[in-house]
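Q: Input: one structure, supplied below.
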Amino acid sequence: MTGTSEARDGRIGNWKVGVVTSIRRESASGRSITIDVPGWGGNIAGQHTDVRLTAANGYTAVRSYSVASAGVGDRIELAVDRLPTGEVSPYLVDTLREGDELELRGPLGGWFVWTPQQTESVQLIGGGSGIVPLMAMIRSHEASGSDSPFRLLYSVRTPLDAFFRAELESPSANLEVTWIFTRRAPSGCPRPAGRITAADLEAHGFPAALSPTVFVCGPTGFVETVATALVALGHEPSRVKTERFGGA
Amino acid sequence: MAVISRGFVGRGGEVNPDLPAGQYLTADFPVLSAGPTPHIETVDWQFSIRTDEETLHTWSWDELHALPIEDINTDIHCVTRWSKLGTSWRGVSLDTLFATVKTTDKYVMARSYGGYTTNVPLADLLGGQAWIALEFDGDKLDPEHGGPARLLIPHLYFWKSAKWIHGLEMQSQDEPGFWEQNGYNMYGDPWLEQRYW
């Protein structure tokens, strides 16, 4: 399994204190947050980090977030969507400011990852904030000058809900981006708004015969639908890697 | 000394003694799996205990249902930090299954339909601590939650409770399973926060 050895080097270790250097609005409920984390030491595309918040009375809450950036260095980017009933995400989206400190522990995870050593075709399929680990793969792919063909299917409710919109609207030469709008499509969009279907995967995804590695990330219902359709289209289940966003 | 997060108050409330450190309560039942959900018909389903060389015992769906089925009320703790308290399950105790099997091996690799694996010491499967779960909350198990049958080892983080269970392979040594090769702890005690390597 690619990535395992890099992930296994024991850097998870202790909590590290990061400083928020910038916050960008991605959507009404989404923010990308750039953090300098001395000692982070880089991560593989697709890995995540634990984020710990501590209240003045000592109460703590910890959640895992995918890292949207990849590569060496101590500067990382997270992208977070506010869950209305969440405890940590509303803080990160609404309260956190530049200059604030944030405790992190990572990088974590050695399965839902892509490294530039991989040469096969890669199909990325993201729903909503499920784009975040896929964005790290897209950035790692571009930064490394990889020849591996990449395709992204990105499902969002409306154009305004897309994360990393500007970046994805001018993709690099080896990346093909297909947008799926589930509630409202922009005018001129040939595909009517609606949830992703097997027909979308067949029309815009790499065919199973090419044996691409497929990364699917999003809410549980989205991932179940897509993964089941991929297997029905002939994709080998072991080549379909999934990450489901649940909890708060 | 922890960094105080400016303006963070959290949900507050009393500290719940049933909640291990670093966990939060959920009323949902989140799904976490590394790949597509396998769909297995119960007529095709089999469960076996074996070594790498021989099958020690195999049960069909009907044979498993002929064994005593227990009610289990338990808390469950996922390494992704949600916990669910007071869940109700029905299933066959692994004490019942291991009563028919002779082994001197101390470790087990649980193997699932779809290829998932996870390692557990045999001692953690015995003594009323583990079951082959067939029902959750009064209904048969959804495929998303591991149906038709999953391992249930509630005293360990829930990735040890392998979905779509197909068999247990006896081993003389503790070898890492799927998540254990990909960043998670070999044992996974939620009360000791054994999450990662």
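Values in this text are rule-based calculations from the coordinates and carry no lab data. The structure presented is a predicted model; accordingly, all values stated were derived computationally and were not measured. All Cβ positions, glycine included, derive from the backbone under ideal geometry; neighbour counts span all protein chains shown.
Q: When the dipole is taken about the Cα centre of the stretch A:121-248, and only Lys, Arg (+1) and Asp, Glu (-1) are charged at their Cβ, what size is it in debye, to the nearest 20?
A: Values: 11 positive and 11 negative charges, 74 e Å.
Result for the stretch A:121-248 is approximately 360 debye, rounded to the nearest 20.
Q: I would also like to ask the following. So what's the angle, to the nearest 10 degrees on a 0 to 90 scale, between helix A:131-144 and the longest Cα principal axis of chain A?
A: Its long axis makes an angle of about 80 degrees.
Q: Based on Cβ point charges of +1 for Lys and Arg and -1 for Asp and Glu, what charge dipole magnitude is obtained for the stretch A:47-168 about its Cα centre, in debye rounded to the nearest 20?
A: Working: 10 positive and 15 negative charges, 47 e Å.
Dipole magnitude for the stretch A:47-168 comes out near 220 debye.
Q: Sum up the charges of everything whose Cβ sits under 10 Å from the Cβ of A:Trp111, counting Lys and Arg as +1 and Asp and Glu as -1, but leave A:Trp111 out. Present the calculation step by step, with values, prior to reporting the outcome.
A: Details: positive: A:Lys241; negative: A:Glu243.
Once all neighbours under 10 Å are counted, the net charge is 0.
Q: In what sequence do B:Ile153, B:Ile72, B:Ile4 fall when counting other Cβ within 10 Å, fewest first?
A: Details: B:Ile153 25, B:Ile72 19, B:Ile4 14.
Exposure proxy ranking, most exposed first: B:Ile4, B:Ile72, B:Ile153.
Q: Residues with beta-carbon under 12 Å from that of A:Ser148, excluding A:Ser148: net charge, scoring Lys, Arg +1 and Asp, Glu -1?
A: Numbers: positive: A:Arg151; negative: A:Glu120, A:Glu142, A:Asp147.
Here the charged neighbours net out to -2.
Q: What number, in percent, do you get for the relative contact order of chain B if the mean sequence gap of Cα pairs under 8 Å and at least 6 apart is divided by its residue count? Don't skip to the answer; put the middle values down first.
A: Working: 383 pairs, mean separation 44.7, N = 197.
Here the relative contact order equals 23 percent.
Q: Hey, another quick one. Along the charge dipole of the protein assembly as shown, Cβ charges K/R +1 and D/E -1, which of B:Tyr116, A:Leu108, A:Gly41 sits furthest on the positive end?
A: In the protein assembly as shown, that residue is A:Gly41.
Q: Would you order B:Lys160, A:Lys241 from fewest to most other beta-carbon atoms within 10 Å of each residue's own beta-carbon?
A: Details: B:Lys160 26, A:Lys241 19.
So the ranking, lowest neighbour count to highest, is A:Lys241, B:Lys160.
Q: If you don't mind, there's one more thing I want to ask. Mind giving me the FRET efficiency for A:Ala198 and A:Ser172? R0 is 22 Å, r the Cβ-Cβ distance, nearest 0.05 is fine. Don't jump to the answer; show the numbers that get you there.
A: Working: r = 28 Å, r/R0 = 1.26.
The pair A:Ala198/A:Ser172 has a calculated efficiency of 0.20.
Q: Among A:Ser172, A:Pro149, A:Gly205, whose Cα lies farthest out toward the positive end of the dipole of the stretch A:122-245, if unit charges sit on the beta carbon of Lys, Arg (+1) and Asp, Glu (-1)?
A: Sorting the options by dipole projection puts first A:Gly205.
Q: Sticking with this one: Considering only DSSP beta bridges whose two residues both sit in the protein assembly as shown, what percent are antiparallel, to the nearest 5?
A: Percentage antiparallel, nearest 5: 70.
Q: Right, next: Please pull out the direction-averaged projected area of chain A, using the convex hull of its alpha-carbon atoms, in nm² to one decimal place. Show your work: numbers first, answer last.
A: Values: hull surface 52.5 nm².
With the hull built on Cα positions only, its mean projection is 13.1 nm².
Q: Using helices alone, I'd like the mean residue ellipticity at 222 nm for the protein assembly as shown: each DSSP H run of four-plus residues gives -39500 (n - 2.57), total over residue count, nearest 500.
A: Values: 8 runs with 57 residues, N = 445.
Rounded to the nearest 500, it is -3000 deg cm²/dmol.
Q: Report the far tail of the P(r) of the stretch A:4-108, meaning the percent of Cα-Cα pairs longer than 22 Å.
A: Numbers: 1379 of 5460 pairs.
Percent of Cα pairs beyond 22 Å in the stretch A:4-108: 25.
Q: Report the FRET efficiency, 1/(1 + (r/R0)^6), for B:Thr55 and B:Ala27, where r is their Cβ-Cβ distance and R0 is 35 Å, rounded to 0.05.
A: Values: r = 41 Å, r/R0 = 1.17.
After rounding, the FRET efficiency stands at 0.30.
Q: Can you tally the net charge around B:Asp52? Count Lys and Arg as +1, Asp and Glu as -1, for every other residue whose Cβ sits under 13 Å from the Cβ of B:Asp52. Numbers along the way, then the final one.
A: Working: positive: B:Arg50, B:Arg111; negative: B:Glu53, B:Glu54, B:Asp105, B:Glu169, B:Glu175.
Here the charged neighbours net out to -3.
Q: Expressed as an acute angle from 0 to 90° and rounded to the nearest 10, what is the orientation of the C-alpha long axis of helix A:220-232 relative to the principal long axis of chain A?
A: With rounding to tens, the tilt is 40 degrees.
Q: P(r) for the protein assembly as shown: what percent of alpha-carbon pairs falls in each 10 Å bin, starting at zero?
A: Over the protein assembly as shown, the share of Cα pairs per 10 Å bin runs 4, 20, 30, 26, 15, 4, 0 percent.
Q: For B:Asp44 and B:Asp142, what is the calculated FRET efficiency with R₀ set at 22 Å and r taken between the beta-carbons, to the nearest 0.05?
A: Details: r = 18 Å, r/R0 = 0.80.
Computed FRET efficiency for B:Asp44 and B:Asp142 comes out at 0.80.
Q: Now for a separate question. Over all residues in A:52-62, what is the mean tally of Cβ atoms on other chains that come within 10 Å of each residue's Cβ?
A: On the way: counts 4, 9, 7, 9, 6, 4, 2, 7, 6, 7, 5.
Taking the mean over all residues of the peptide, I get 6.
Q: What is the ratio of the Cα radius of gyration of chain B to 2.2 N^0.38 Å, with N the residue count, to two decimals? Before the final figure, lay out the partial values.
A: Working: Rg = 17.5 Å, N = 197, 2.2 N^0.38 = 16.4 Å.
Relative to the rule-of-thumb radius for its length, chain B sits at 1.07.
Q: Evaluate the distance, in nm, between pseudo-label points positioned 7 Å from the Cα of B:Leu192 and of A:Val72 along their respective Cα→Cβ axes.
A: Result for the modelled spin labels: 3.7 nm.
Q: In debye, nearest 20, what is the charge dipole magnitude of the protein assembly as shown about its Cα centre with +1 on Lys and Arg Cβ and -1 on Asp and Glu Cβ, if you could check?
A: Details: 37 positive and 53 negative charges, 272 e Å.
For this selection, approximately 1300 debye.
Q: While we're looking at this one, here's another question. How do A:Met137, B:Met109 line up, fewest other C-beta atoms within 10 Å first? Don't skip to the answer; put the middle values down first.
A: Details: A:Met137 28, B:Met109 19.
So the residues, fewest neighbours to most, are B:Met109, A:Met137.
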